[in-house]
Amino acid sequence: MGYWLTDGYGYEAFKAIKEGHFVGLALDEENQSQLTEDRIQT
């Protein structure tokens, strides 16, 4: 698990946020599937 900044993401609610970071690996297959592979590699 790690942290990923929430900057630049639009969302109404997300339970896995701590101190301005997503906790774990946040993948959005519905809206940003084109970014999934890069996010996994990063």
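The values are calculated or read from the model by the stated rules, or taken from the named source; none is laboratory data. This is a predicted model, so every value here is computed, not measured. Heads up, the Cβs are rebuilt from the backbone with ideal geometry, glycines too, and the neighbour counts pull from every protein chain shown.
For the residues 7, 28, the requirement of being assigned to a loop (DSSP other than H, G, I, E, B) and in contact with a helix residue (DSSP H, G or I) (Cβ under 9 Å, 6 or more places away or on another chain) singles out 28. Residues in region 28-37 that are exposed (fewer than 12 other Cβ atoms within 10 Å of the Cβ) and modelled with pLDDT of 90 or more: 33, 34, 37.
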